[in-house]
Amino acid sequence: MNSKVISVIGLMSGTSLDGLDVVLVHFNKENKKDFDIIFSKTLPYNKTWRLKLANSINQTKEELDKLDLAYGDYLGEAVNSFIKTYKITDKIAFVASHGHTVLHQPEKGITLQIGNGKRIAEITNLKVICDFRTQDVLLGGQGAPLVPIGDELLFSDFDACLNLGGFANISYKEENKRIAFDICPVNIVLNKYVSQLNLAYDDKGILASKGSVNKTLLAQLNHLEFYQKVAPKSLGLEWVQECVFPLINSFDIEIKDVLRTFIEHIAIQISLVTNQNKSLLITGGGAFNTFLIDRIDYFTKSQVVIPNDKIVNYKEALIFALLGVLKIDNQVNCLKSVTGASKDHSSGVIFIPKK
């Protein structure tokens, strides 16, 4: 392999709990925009792991410590399986793992991603870089979003980058600074309500498209306090459980109407922050929700661009691989203009396997 090229495995688990994204990426160390996703796979969580991760927010510290180790084992075994499945013979520089977010309360100095890096390193016999958020929170930042450094280095051809996952988050340039923040919940809410119909998700938004907008619920959603805050700002499951689910549940309406109303809410909130941008790159699982994209397109003045499926599905795993590349060279991978930290910095913890 070309000596300028580095092979990295990236891991991403999002709040929507659909599964673990795994990618093998080749980066040109001299021009990181020159990258190639060689192999990619989403490993769906079985029911046991979905429940464990969904309930992790309610665990005691002792239970979380055990889950951290168990999930580290899961990630390590997933990497080994990925390497075996695709018969990967590359010399892999390291595994970059986002982990799975359990707690995110940066205003209290708290952020926790499980998936023990030491265990991943022991199981894979590979160097591991993880825990990308903690240092930023210690420096007074939100610890999120972290993907914008990738938007800056890999996708700067677009005026704004919007990810539609568990939450919607956006990143764009303003006065020569990268600005980014969470906009609103997306699949973390939609998937919860459609699960009551024994479905994993609303395919293409077909169910939502058959519902009606409840104008009272929509107005109350749009007036939630978070939307009045200025960036930097970020969201976690705790906020959704405290502010969004109780509000929706106070209305006695059909699931299809909940979905329809919430999609309208998402589209409106996104339009409020995208109309100054000419081109809008949309990625994440929500990009496949045709009805949601139609509503975003209806409200926003931006030109909506949806890239190829690899980028749609694996952009976040790709960028966490990039965060690892930057960390290994001690280059900035966390931007203070994005998170509100006291300085730009190179974040992440490195674990080296014992030989």
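At least 3 residues that are within 25 Å of Phe39 (Cβ to Cβ) in each: list the strands (runs of 3 or more DSSP E) lying fully within the stretch 277-355 that qualify.
Counting at least 3 such residues, we get 279-283.
Inside the stretch 120-146, can you point out the residues that are open to solvent by 40 Å² or more (accessible area, probe 1.4 Å), outside any helix (DSSP H, G or I) and of a type outside the set (S, T, N, Q)?
Lys127, Asp131, Leu139, Gly140
When the stretch 15-59 is examined, which residues are found to be open to solvent by less than 20 Å² (accessible area, probe 1.4 Å) and either more than 25 Å from Gln113 (Cα to Cα) or touching a residue at least 60 places away in the same chain (Cβ under 8 Å) (or both)?
Val22, Val23, Leu24, Val25, Phe27, Ile37
Would you pick out the residues in the stretch 1-39 that are under 16 Å from the mean Cα position of the chain (by Cα) and either part of a strand (DSSP E or B) or of a type in the set (Ser, Thr, Tyr) (or both)?
Passing the criteria: Gly10, Leu11, Met12, Ser13, Thr15, Ser16, Leu20, Asp21, Val22, Val23.
Among residues belonging to the stretch 314-328 that are open to solvent by 20 Å² or more (accessible area, probe 1.4 Å) and more than 17 Å from Gln135 (Cα to Cα), point out the one that is modelled with the lowest pLDDT.
Out of the qualifying residues, it is Glu316.
If I filter the stretch 161-201 down to residues being among the charged types (D, E, K, R) and within 19 Å of the chain's Cα centre (by Cα), which single residue comes out as nearest to Ile255 (Cα to Cα)?
Within the stretch 161-201, the match that is nearest to Ile255 (Cα to Cα) is Lys192.
Which of the residues that make up the stretch 333-354 are among the aliphatic types (A, V, I, L, M) and either surrounded by 17 or more Cβ atoms within 10 Å (Cβ to Cβ) or over 30 Å from Arg119 (Cβ atoms) (or both)?
Hits for the stretch 333-354 are Leu335, Val338, Ala341.
The values are calculated or read from the model by the stated rules, or taken from the named source; none is laboratory data. None of these values were measured; they are calculated from a predicted model. Neighbour counts run over all protein chains shown; Cβ positions are idealised from the backbone, glycine included. SASA here: full protein model, heavy atoms, side chains in, ligands and nucleic acids out. Shrake-Rupley method; radii C 1.70, N 1.55, O 1.52, S 1.80 Å.
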